[in-house]
Amino acid sequence: MDYRDWEILRVLYSQKNLTKAARLLFITQPALTNRLKHMQEELGVKIVIRESRGVHFTPAGEYLVRCAEDILDQYNQIKEHVRNMSNHEENEVAGTLKLGVSTFFANYELAPILKLFKDQYPHVEFKVTTGWSKDVTQLIHNKDVHVGFVRGDYSGRGLKKHLLFEETVSIASKQEVDIVDLPHLPRIDYSGDYLLKSLIDNWWAENYTQPPYISIEVDQADTCKEMVLNGLGYGVLSGRMLKDTDELCEINLKDQNGNPILRKTWMYYYKESLEWKVVKTFVNFIENKAW
């Protein structure tokens, strides 16, 4: 079995349909069926069973798919390493950069950054995975990504970090409100990462003896912002999200000493990742960027 065979198994397993898999692999369905037949003959096992609604993988097929993931990942690592060695000799930056990015950073900051970097280094490709900051941090710890952009402070052995920017956290509302009245005013709440939720909950506990009046719950901060813009209640949102939103009133959260409560966004990476020229170049690019 060669690289293409393992790729076929991975794609077919994700689609469970010969026609769809063939389309993604840019081959005909008869060619795909024939390749599967050769694999089964070579290994002496049944890999898939064809059904009316698609294909079903046998236990042996399931095992081969797991092997395919490992083999393809190892192949890509070898390819990137060899390319990196060649690029080092030719002084060219190229390869695939794997990024783990918090959803907020992906929505508000990432695209222009990648555009600027791509303009300078056109031979670099990107594989971007987005999610909550805690999930992105796990990707970094597992070394599934080269570089992570995360909101909040995390730690890990050998983990390097660079502060990108700080932002305030604010009460945002369509009309002016008195902060003393917040427990009695409708709040638009949303699902955020646990560090942000902890920050807001701690601030609330320091200032009020009763829980907030949650009138609407949504799953995204952007949705919360839209609700606030329509006068449905107040929201607790980050300063960068409220940038260029003149129609909302803002009250910055402050600690007991009167200092603004700040939320930090970091770039995280492992030192050994800098052995890859494309990673080192990207990290230097971000560190030298004016935020």
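The values are calculated or read from the model by the stated rules, or taken from the named source; none is laboratory data. Worth saying up front: this structure is predicted, and the values here are computed from it rather than measured. In this analysis, Cβ positions are derived from the backbone assuming ideal geometry, glycine residues included, and neighbour counts consider all displayed protein chains.
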Show the residue pairs meeting these rules: Cβ distance below 8 Å; 6+ apart or different chains; first residue within region 171-195 and without any contact (Cβ under 8 Å) to a residue 40 or more places away in the chain and of a type outside the set (Phe, Trp, Tyr); second residue surrounded by fewer than 18 Cβ atoms within 10 Å (Cβ to Cβ) and part of a loop (DSSP other than H, G, I, E, B).
183/208; 183/210; 183/211; 191/219; 191/220
Might you check whether a residue that is farther than 26 Å from residue 225 by Cα and touching a strand residue (DSSP E or B) at 6+ places or on another chain (Cβ under 8 Å) occurs anywhere in region 101-112?
no
Name every residue in region 246-274 that is without any contact (Cβ under 8 Å) to a residue 24 or more places away in the chain and on the phi < 0 side of the Ramachandran plot, in order of residue number.
246, 254, 257, 259, 274
Pull up region 108-167, narrow it to residues that are among the aromatic types (Phe, Trp, Tyr) and closer than 18 Å to residue 238 by Cβ, then point me to the one that is surrounded by the fewest Cβ atoms within 10 Å (Cβ to Cβ).
165
Flagged in region 1-13 as free of Cβ contacts under 8 Å to residues at least 40 places away in the same chain, over 10 Å from residue 65 (Cα atoms) and part of a helix (DSSP H, G or I), in numbering order, are 4, 5
Residue check, residue 149 under 16 Å from the mean Cα position of the chain (by Cα) and at pLDDT 90 or above
yes
Kindly indicate which of 124, 150, 145 is closer than 17 Å to residue 194 by Cα and among the hydrophobic types (A, V, I, L, M, F, W, C).
150
Assuming residue 178 fulfils every condition listed in (1) surrounded by fewer than 14 Cβ atoms within 10 Å (Cβ to Cβ); (2) in contact with a helix residue (DSSP H, G or I) (Cβ under 8 Å, 6 or more places away or on another chain); (3) not hydroxyl-bearing (Ser, Thr, Tyr) apart from one, which condition is it?
(2)
Quick check on my filter: what residues within region 53-90 are among the β-branched types (Val, Ile, Thr) and modelled with pLDDT of 75 or more?
55, 58, 65, 71, 78
Have a look at 35, 50 and point out the one that is out of contact with any helix residue (DSSP H, G or I) (no Cβ under 7 Å at 6 or more places or on another chain), of a type in the set (Lys, Arg) and either exposed (fewer than 14 other Cβ atoms within 10 Å of the Cβ) or at pLDDT 90 or above (or both).
50
Which pairs do you get when a residue that is farther than 19 Å from residue 279 by Cβ, found in region 127-142, comes within reach of a residue that is surrounded by fewer than 17 Cβ atoms within 10 Å (Cβ to Cβ) and among the β-branched types (Val, Ile, Thr), reach meaning Cβ atoms under 9 angstrom, with the pair 6+ apart or on two chains?
135/129
